[in-house]
């Protein structure tokens, strides 16, 4: 008996999974579902990078944990503040950007939705309620939490940068806040208290369930995690007491994050 292998693809891709055996002229041929194969090619995540290849972007960390959750193979492409040329293809200037076979997606929320629509296993959104709450967290963390955290760590971020990136960061952030990045330093304690009050509802959820998503971590946790990862990467500030349920939650998710840059 002769065994033959037929690769059906318009993109010159050779694959040998998701195959169906067919009989043709008494010989066995394997027909490959090339569409599914292409969708499962290694994807690239363009990820903000600092000194010593430190990865510290909150939304980039959110996307990386989502990729790990869905068990999707990926590689990261480090992008420094001064390396806008690396992402010029996207027509905008911000990371994360997810590049896949046939295109790209930018903005962490759009990437999360794209992942769940194109990789059906290990769903991020359990149902419509989960998706709506996640969208709330996406907006709340980026518009309410991150601005407060920035005031706490703004003056320390240059320490994790080098070269032209330091000048870029200081120039753009000082233009944005209309003053020096040290302007908030004397009120760090006040801002830390403000942050802890803001996150108290999430604290109660974690205390009751272990994770924001429930008994196991989910996209709701990953959206919240990036805030704390940003601070831990860039600052010596202490946001949480060790007895705080969020402290243990962060340690647990950090073990997952340690699997990738």
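The values are calculated or read from the model by the stated rules, or taken from the named source; none is laboratory data. For clarity, every value in this text was computed on a predicted model and none was experimentally measured. Cβ sites come from the backbone with ideal geometry, for glycine too, and all protein chains shown count toward neighbours.
Going by the structure shown, is residue 64 buried (at least 19 other Cβ atoms within 10 Å of the Cβ), assigned to a helix (DSSP H, G or I) and either out of contact with any helix residue (DSSP H, G or I) (no Cβ under 9 Å at 6 or more places or on another chain) or not assigned by TED's automatic domain parsing to the domain that holds residue 234 (or both)? Criteria met by residue 64.
Among residues of the stretch 96-107 that are closer than 21 Å to residue 49 by Cβ, those with a Cβ under 9 angstrom from a residue that is surrounded by fewer than 19 Cβ atoms within 10 Å (Cβ to Cβ) and modelled with pLDDT under 95, sequence gap 6+ or separate chain, pair up as 100/38; 100/39; 100/41. Scanning the stretch 234-255 for residues that are buried (at least 17 other Cβ atoms within 10 Å of the Cβ) and outside any helix (DSSP H, G or I) gives 235, 239, 240. When every residue of the stretch 122-144 is checked against the conditions, at least one turns out to be free of Cβ contacts under 8 Å to residues at least 40 places away in the same chain and within 27 Å of residue 51 (Cα to Cα). Looking only at the stretch 189-202, count every residue that is buried (at least 17 other Cβ atoms within 10 Å of the Cβ) and assigned to a helix (DSSP H, G or I) and tell me the total. Selection size over the stretch 189-202: 4. Given the condition touching a residue at least 12 places away in the same chain (Cβ under 8 Å), closer than 17 Å to residue 65 by Cα and not assigned by TED's automatic domain parsing to the domain that holds residue 73, answer yes or no: does some residue in the stretch 234-251 qualify? Within the stretch 234-251, one or more residues are touching a residue at least 12 places away in the same chain (Cβ under 8 Å), closer than 17 Å to residue 65 by Cα and not assigned by TED's automatic domain parsing to the domain that holds residue 73. Residue-level check: of (1) outside any helix (DSSP H, G or I); (2) in contact with a helix residue (DSSP H, G or I) (Cβ under 6 Å, 6 or more places away or on another chain); (3) under 29 Å from residue 249 (Cβ atoms), residue 181 misses just (3). Scoring residue 228 on the criteria (1) surrounded by 18 or more Cβ atoms within 10 Å (Cβ to Cβ); (2) in contact (Cβ under 8 Å) with a residue 40 or more places away in the chain; (3) within 15 Å of the chain's Cα centre (by Cα); (4) part of a helix (DSSP H, G or I) leaves a single failure, condition (2). Per the listing 211, 195, the residue uniquely over 17 Å from the mean Cα position of the chain (by Cα) and within 23 Å of residue 71 (Cβ to Cβ) is 211.
Per the listing 114, 109, the residue uniquely in contact with a helix residue (DSSP H, G or I) (Cβ under 7 Å, 6 or more places away or on another chain) and in the same structural domain as residue 51 (by TED's automatic domain parsing) is 109.
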